[in-house]
């Protein structure tokens, strides 16, 4: 049986016609190796931002349904242009919208989740020797409504499609040459990590690492289909993510950070409030960090989700206080690592960084700080964790 490869190209990689032509060569090279290739693409460059701005010139509060219809057009431009580029090079290709590719989602506009993919159409194109070029970031509900998947939606489309096809692997082409111990634009001493486990990448992504979305990792982890983060426009070896790895030194993995976070606290919280909040927020796809301190419950959410959380708490008649303009910085570690919250707090304090709260679990230590200190905190914690020179020692089985 011919092996299937799914390739995904992000907005920067397809940011111009010239770049689209270059990405077509990535596709063609895999095809020439005898692979069946399915492609997923994002909108070109800042197309999504441009479309959002257009809507904002008409209304300050556009309905999410109409925004999904508008934003989904960005990927349709890219699939057509990339398909034309592949055809011009002498290979057969066809562009497919999310609906045509069988991508079914729930009905949460703006951040829908993929319920399933019917790969019949994509498989048929592959069987006929045609390269399907699929629009990422979008799908369709059971009632025919167009939805978008939110931030990282095209990555999620790619790994979900790889799972549905039983692909050999999924290659995600970006503007970086792999996953680093932290953002190298912020911490120049960061180093590329050649090989990570699904758990490690999921924890990094959940904690704010922007190189891939947690939902994309979820689909790969569930299907056990490896994926690679690869550079689309520069030379580099990238990062392989699977579970065929043995960690000999159970130390820190990386430092992730997330700006524009809100912290919402409830004093003397009632028993059962935590589970009620989790269940209610899951319906609208809001994933909070929840922590108890005595009888007080604190949840941390992206600032963009704060209004939804406030509405829910008011509906529940729950009093709360909140801090905005917050950020969180996280050391992701292997279970058993001796990185402790006390060391993190003292390290940040010695650097003059105020810590609002700090939480630890077997996989990470997270500090909540002011947004103005986020980059400095990432830098000092990267050094504290011993990541400046090298990461954990890893041996591939």
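The values are calculated or read from the model by the stated rules, or taken from the named source; none is laboratory data. All figures in this text were calculated on a predicted structure; none of them were measured in a lab. Please note: Cβ atoms are built from the backbone with ideal geometry, for glycine as well, and neighbour counts cover all protein chains shown.
Selection of segment 214-239 for residues being within 16 Å of the chain's Cα centre (by Cα), farther than 22 Å from residue 362 by Cβ and surrounded by fewer than 21 Cβ atoms within 10 Å (Cβ to Cβ) yields 226, 228.
Every condition in (1) assigned to a helix (DSSP H, G or I); (2) buried (at least 24 other Cβ atoms within 10 Å of the Cβ) is met by residue 66 except one, and the failing one is (2).
All of (1) touching a strand residue (DSSP E or B) at 6+ places or on another chain (Cβ under 7 Å); (2) surrounded by fewer than 24 Cβ atoms within 10 Å (Cβ to Cβ) hold for residue 37 with one exception: (2).
Each row is one residue, and each column tells you yes or no for (1) touching a residue at least 12 places away in the same chain (Cβ under 8 Å); (2) in contact with a helix residue (DSSP H, G or I) (Cβ under 6 Å, 6 or more places away or on another chain); (3) over 21 Å from residue 11 (Cβ atoms); (4) not in a helix (DSSP H, G or I).
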| position | (1), (2), (3), (4) |
| --- | --- |
| 205 | yes, yes, no, no |
| 208 | yes, no, no, yes |
| 221 | yes, yes, yes, no |
| 228 | yes, no, no, yes |
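From the list 103, 140, the one residue that fits, being without any contact (Cβ under 8 Å) to a residue 60 or more places away in the chain and surrounded by 24 or more Cβ atoms within 10 Å (Cβ to Cβ), is 103.
Test residue 89 against the stated conditions and say whether it is touching a helix residue (DSSP H, G or I) at 6+ places or on another chain (Cβ under 8 Å), surrounded by fewer than 15 Cβ atoms within 10 Å (Cβ to Cβ) and outside the structural domain of residue 287 (by TED's automatic domain parsing).
Here the answer is yes, as residue 89 does meet what is asked.
What is the one condition in (1) modelled with pLDDT under 95; (2) over 24 Å from residue 137 (Cβ atoms); (3) assigned to a strand (DSSP E or B) that residue 260 does not satisfy? Looking at each condition in turn, residue 260 falls short on (2). Of 82, 96, all but one fail to be touching a helix residue (DSSP H, G or I) at 6+ places or on another chain (Cβ under 8 Å) and more than 18 Å from residue 172 (Cβ to Cβ); the exception is 96.
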